[in-house]
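*Asks:* Below you'll find the structure I mean.
The values are calculated or read from the model by the stated rules, or taken from the named source; none is laboratory data. These numbers come from a predicted model, not from an experiment. Please note: Cβ atoms are built from the backbone with ideal geometry, for glycine as well, and neighbour counts cover all protein chains shown. These area figures cover heavy atoms from the full protein model, side chains too; ligands, DNA and RNA do not enter into them. Shrake-Rupley method; radii C 1.70, N 1.55, O 1.52, S 1.80 Å.
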Amino acid sequence: MVKEEARQLLNQLIQIEHISTTLHLAMLAYLDRKNYTGIAKWLRLQSEEERTHMLTLIDFLTGKDGIVKLSDVPQQPSDFGTPLEIFKKVLEHEQYVTNAYGQAYHYITQVDPQTTVIVLEFFREQIDEEAQTLTIVERLKSANNTPSALLH
């Protein structure tokens with residue numbers, strides 16, 4: 001049985017992953033429409049990864065007889081700007097998620113050591129995702145909105 005504090009925390013993380021997958025889907029749809037298919041493919045993979053995180057957290061929680069509470073996901077915009085603007089938003093979102101997992105890890109270590117394991121796993125992975133996104137932002141800055149560089 002999962003402690004109430006851990007249940008609430010896991011539901012918050014599930015919601016964050018749910019929003020993340022939806023945000024990435026909205027961005028990939030926009031980029032696909034603009035024919036930036038390579039960048040859209042990367043966002044599709046990220047969306048699938050975030051969905052996998054969400055499902056893993058759900059499985060973990062239900063496996064401990066916990067109650068999952070899914071909330072509505074805010075509607076995403078249909079226009080996101082240039083690839084650089086998009087990835088600046090992705091980076092900002094990844095930083096938010098990394099911070100959420102960092103806070104969750106700090107809190108859960110004091111409340112439920114078993115849940116600490118899964119939170120730490122995703123916290124580590126989140127740090128890598130943030131670094132990868134930062135690299136993409138830097139590359140897009142170097143491309144300086146040059147169409148051939150962006151398509152490459």
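*Asks:* Return the residues of the range 68-94 that are of a type outside the set (Ser, Thr, Tyr) and open to solvent by 80 Å² or more (accessible area, probe 1.4 Å); say none if nothing qualifies.
*Replies:* Within the range 68-94, LYS69, LEU70, ASP72, GLN75, ASP79, GLU85, LYS88, LYS89, GLU92 qualify.
*Asks:* Let me ask something else. Any residue at all in the range 50-72 that is closer than 26 Å to ALA131 by Cβ and part of a loop (DSSP other than H, G, I, E, B)?
*Replies:* no
*Asks:* So which residues in the range 24-67 are touching a Lys or Arg at 6+ places or on another chain (Cβ under 9 Å) and either of a type in the set (Val, Ile, Thr) or open to solvent by 70 Å² or more (accessible area, probe 1.4 Å) (or both)?
*Replies:* Matches in the range 24-67: LEU25, ILE67.
*Asks:* For the range 73-105, how many residues meet the condition of being without any contact (Cβ under 8 Å) to a residue 12 or more places away in the chain and in a loop (DSSP other than H, G, I, E, B)?
*Replies:* Result for the range 73-105: 2.
*Asks:* Every residue in the range 117-136 that is over 12 Å from LEU13 (Cβ atoms) and open to solvent by less than 20 Å² (accessible area, probe 1.4 Å), please.
*Replies:* Residues satisfying the conditions are GLU129, THR133.
*Asks:* If you don't mind, another one. For the range 72-124, give me each residue that is in contact with a helix residue (DSSP H, G or I) (Cβ under 7 Å, 6 or more places away or on another chain), polar (S, T, N, Q) and over 18 Å from HIS24 (Cβ atoms).
*Replies:* THR109, THR115, THR116
*Asks:* If you don't mind, another one. Checking VAL97 against (1) among the hydrophobic types (A, V, I, L, M, F, W, C); (2) open to solvent by 90 Å² or more (accessible area, probe 1.4 Å); (3) at pLDDT 95 or above, which test does it fail?
*Replies:* (2)
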